[in-house]
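Read-outs: derived from the displayed coordinates by stated rules, not from any lab. Everything numeric here is computed off the predicted structure, so don't read it as measured data. Here the Cβ positions follow ideal geometry from the backbone for every residue, glycine too, while neighbour counts run over all protein chains shown.
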């Protein structure tokens, strides 16, 4: 009888609205939960077979949960660079345990409030450990699209580091009014100052981070021509400049120690003060040019080699030196002005860890008190063919399912995934005003269904009285 059908329909309506109320209450409860994605319900009409055109059998309604996981929440800035958010599509890879070699399930989250625990592992407030690619000389591990390539990020016990000098550049001026000597001086083995020469001291660092003073000697030997040699003043026994092996497409540089006429370089300048050429000094006089340019035509550099074994460092440390491009005023020049030089080199003493942060490229970077940095990890962004097909789990994480498809780890900001934002947290996607509006609608719909049940009950009671 259709009265019973109406009664059953009212019951299905109550159940559906009760489920909607549950979703709304959960949304409101998580209005301030980091990375929370609101839940909604789709109401589906249930249809029964109609006996004839003159009768109708109601089927009722049911609610189907709709996870809105792909919705983007707003981001708030924070004071910690270890707070992370993803702007766009994707998830952080996390595990419930720090040991990546153990059988811990891999899961995914948008809650990026990471902090180091007592052992230095980064985990969020829900207790899940951040996974990332360990970098070896800036290179990701093989098979990096697979979560198995990730490890738990640990920022404890990061060893300090030194940076041996690998390049040196000099920009300055040699006074064109300097008198011409016309002879090649004998440079002392100690690298002591020579009164007749212009000198420039610079500090470089060997493979152990020891500071090493290099003294560069300049002597004007002809018009627009300067002889350059070098020494290591007060260096321990065993430290020395050594001849640099030939490296195509330019010849070997001499040792520059001035011990022989040819152990020096000749800098020839143009009449406009710019650098014209750099060649090896000739063996006969030590002041004339000989042979081809010692500059690498691709980089305008020549290599100088040092033996720092007396200090325990490398016995062969080759440093490319850049004194400017030929025909330009980008390095050393010769003008009627005081001698000057600004030396730039990339070495540094031993440095202790001072800070760990995450860059806007998703790189976990260690910064040392000597100004050097080291890239430790790269944070991947996990992607799925159907994000809304993921299964929500406790503590704001999501599990891969058949509906979601296979996970694919991608590089931050590439191939359709979002970018990692340091010093930011993604807020809940819940809109309180919208939830309250939905709450009112749900309440009214629930009340209306109770009216249907009451009316069906009244009609049945009247019918029974007739019988």
Point to revise | residue 414-residue 461 FRET efficiency (beta carbon distance; Förster radius 60 Å; 0.05 resolution) | key: 0.30
Check your understanding: Helix 2-29: angle to the longest alpha-carbon principal axis of the chain, degrees 0 to 90, nearest 10?
Key -> 30
**Study point:** FRET efficiency for residue 178 and residue 87, using Cβ-Cβ distance with R0 set to 56 Å, rounded to 0.05
**Key:** 0.40
Practice item. Taking all pairs of distinct Cα atoms, average 1/r, flip it, and tell me the Kirkwood hydrodynamic radius of segment 63-158 in Å to one decimal place. Key: 14.8
Exercise for review: For segment 381-467, evaluate the Debye formula with one uniform point scatterer on each Cα (no solvent term) and list log10 I(q)/I(0) at q = 0.10, 0.14, 0.22 Å⁻¹, rounded to two decimals.
Suggested key: -0.57, -0.78, -1.11
Practice item. Starting from the Cα of residue 299, step 7 Å along the direction of its Cβ; do the same at residue 346; then give the gap between the two resulting points in nm. Key: 0.8
Study note, to complete from the structure: Summing -39500 (n - 2.57) over every DSSP H run of at least 4 in the chain, dividing by its residue total and rounding to the nearest 500, the 222 nm mean residue ellipticity is -5000 deg cm²/dmol
Exercise for review: Would you work out the relative contact order for segment 162-351, in percent, from Cα pairs under 8 angstrom that are 6 or more residues apart?
Suggested key: 32
Exercise for review: Sort 416-425, 170-179 for me by packing, meaning the mean count of neighbouring Cβ atoms within 10 Å per residue, highest on top.
Suggested key: 416-425, 170-179
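How high is the FRET efficiency from residue 18 to residue 139, r the C-beta distance, R0 41 Å, rounded to 0.05? Intermediate results must be reported in sequence, preceding the final value.
Working: r = 55 Å, r/R0 = 1.34.
E(calc), rounded to 0.05, equals 0.15.
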Revision key, fill the gap. Expressed as a whole-number percentage, the relative contact order of the chain with C-alpha contacts under 8 angstrom and at least six residues apart is 22
Check your understanding: What share of all Cα pairs of the chain, in percent, falls into each consecutive 20 Å distance bin?
Key -> 19, 29, 24, 15, 8, 4, 1
Practice item. Note the angle between two axes, namely the Cα long axis of helix 432-466 and the longest principal axis of the Cα atoms of the chain, as a number of degrees from 0 to 90, rounded to the nearest 10. Key: 20
Check your understanding: So what does the Cα-only Debye profile of segment 162-351 read at q = 0.17 Å⁻¹, as log10 I(q)/I(0), no solvent term?
Key -> -1.11
Review point. Sorted from largest down, what three extents in whole angstroms do the Cα atoms of segment 289-396 have along their principal axes?
Key: 76, 37, 30
Practice item. Sort 227, 461, 140 so the one with the fewest other Cβ atoms within 10 Å of its own Cβ comes first. Key: 461, 140, 227
Review point. What list do you get for 62, 95, 225 if you sort them by fewest beta carbons within 10 Å?
Key: 62, 225, 95
Exercise for review: Would you mind computing, in nm to one decimal, how far apart the modelled labels at residue 448 and residue 68 are, each placed 7 Å from Cα along Cα→Cβ?
Suggested key: 2.1
